[in-house]
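Undergrad: Quick one: structure below, then a few questions.
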Amino acid sequence: MKKNKYPYPIKHWLELKAYPKSKEITMDGWAWEFLRRNPKYQEAWDNIKGKHPISGKEFYIQYMHDPEDDDSSSINFYIGQGNMIMIKAHIINPGKMDKYVVIQTFDVRRPIKPQIDQAEQFLKIYQKSIGIKSHSHHKKYFVEYLRILDAIAIGVKPKKIREIILPSSKYTLPEFDQEETYKDRKKRAIEYRDFLYIDLPKPRESSKRLTSQMGEIIKKINTPT
């Protein structure tokens, strides 16, 4: 039996029809499906539900939403929107300063493109050095990932999950391959739930808003302290 309250399941993992169809859901929608199964998000919601709209900045969304809400159309992700702040004339992305967050400064007196190319090269080398791999999003597995997350949330045994979910493939996997495949799918499912979901939404920052934001930043930079 499962002892912890979080994560809790969003759908019943055996009811395939309860899960979204790839043709009927956006990438923002997939991001929400994974985020609302995130144990930290679920706990955070339980701690603030019933209050006025609360910022969801920690989870890269504008406002917190009920994990039980199937409709993702009103959820605004901040991914790639570059909500920037200015510190000592350096523009950075706000966030928790850990090994996954890198601050790169640029000299606007010099040509921009070579600096960007150099920064990109450095980031790729650093990304590799800390074991971060580039991710390809295979949407065909997303429903399997969601079902696995809902199953493990209620303590279903791995063998039963494998027997129910993996044989849905066009061929029957040998026992060893089935076990290894399940381990890989479970690992990827948890990665999407905990942090990879932020790679799925497309930026929706309007050029008008971005121009306004940059204007404010430039004004601060040029204002004597």
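Undergrad: Using the basic label-point model (7 angstrom from Cα toward the beta carbon), what is the ARG110 to SER129 distance in nanometres?
TA: Result: 1.8 nm between the two label points.
Undergrad: So how far apart, in nm, are the two label points at PHE195 and HIS52 if each is 7 Å from Cα heading toward Cβ?
TA: 3.4
Undergrad: Once phi is turned into ³J(HN,Hα) by the Karplus curve 6.51 cos²θ - 1.76 cosθ + 1.60 with θ = phi - 60°, what whole-Hz value does each residue of the stretch 185-202 show in order, with x for glycine and proline?
TA: Once rounded to whole Hz, the list reads 5, 5, 4, 5, 4, 5, 4, 5, 5, 8, 7, 6, 4, 6, 8, 7, x, 9.
Undergrad: Listed here are the pairs LYS21/LYS183; LYS49/LYS186; LYS5/LYS202; which of them are more than 27 Å apart at the Cα?
TA: Exceeds cut-off: LYS49/LYS186; LYS5/LYS202.
Undergrad: Additional query: Exposure proxy check: LEU149, LEU196, LEU16 ranked by fewest other beta carbons within 10 Å?
TA: Ordered by Cβ neighbours within 10 Å, fewest first: LEU16, LEU196, LEU149.
Undergrad: Let me ask something else. Could you go through the stretch 14-28 in sequence order and give the Karplus-derived ³J(HN,Hα) for each residue, using 6.51 cos²θ - 1.76 cosθ + 1.60 with θ = phi - 60°, rounded to whole Hz, and x for Gly and Pro?
TA: Ordered by residue, 3J(HN,Hα) equals 8, 9, 4, 5, 6, 9, x, 9, 3, 6, 10, 9, 8, 5, 4 Hz.
Undergrad: Taking the Cβ of each residue in PHE142, PHE34, PHE195 as the centre, tally the other Cβ atoms inside 10 Å and list the residues starting with the fewest.
TA: Sorted ascending by nearby Cβ count, the order is PHE195, PHE142, PHE34.
Undergrad: Contour minus end-to-end for PHE122 and GLU163, with contour as 0.36 nm per residue of separation and end-to-end as the Cα-Cα distance?
TA: Stretched fully, the PHE122-GLU163 segment lengthens by 10.3 nm.
Undergrad: Using Cβ contacts closer than 10 Å as the measure, can you line up TRP13, TRP32 from fewest to most?
TA: Exposure proxy ranking, most exposed first: TRP13, TRP32.
Undergrad: Hey, can you grab everything whose amide H is under 5 Å from the amide H of TYR63? Only 5+ residues off in sequence or another chain; H modelled, so Pro and N-termini drop out.
TA: GLY56, ASN76
Quick note: the coordinates plus some simple rules give every number you see, no bench work behind them. Bear in mind the structure is a predicted one, so any value in this text is a computation, not a measurement. FYI the Cβ positions are ideal-geometry reconstructions off the backbone, even for glycines, and counts take in every protein chain you see.
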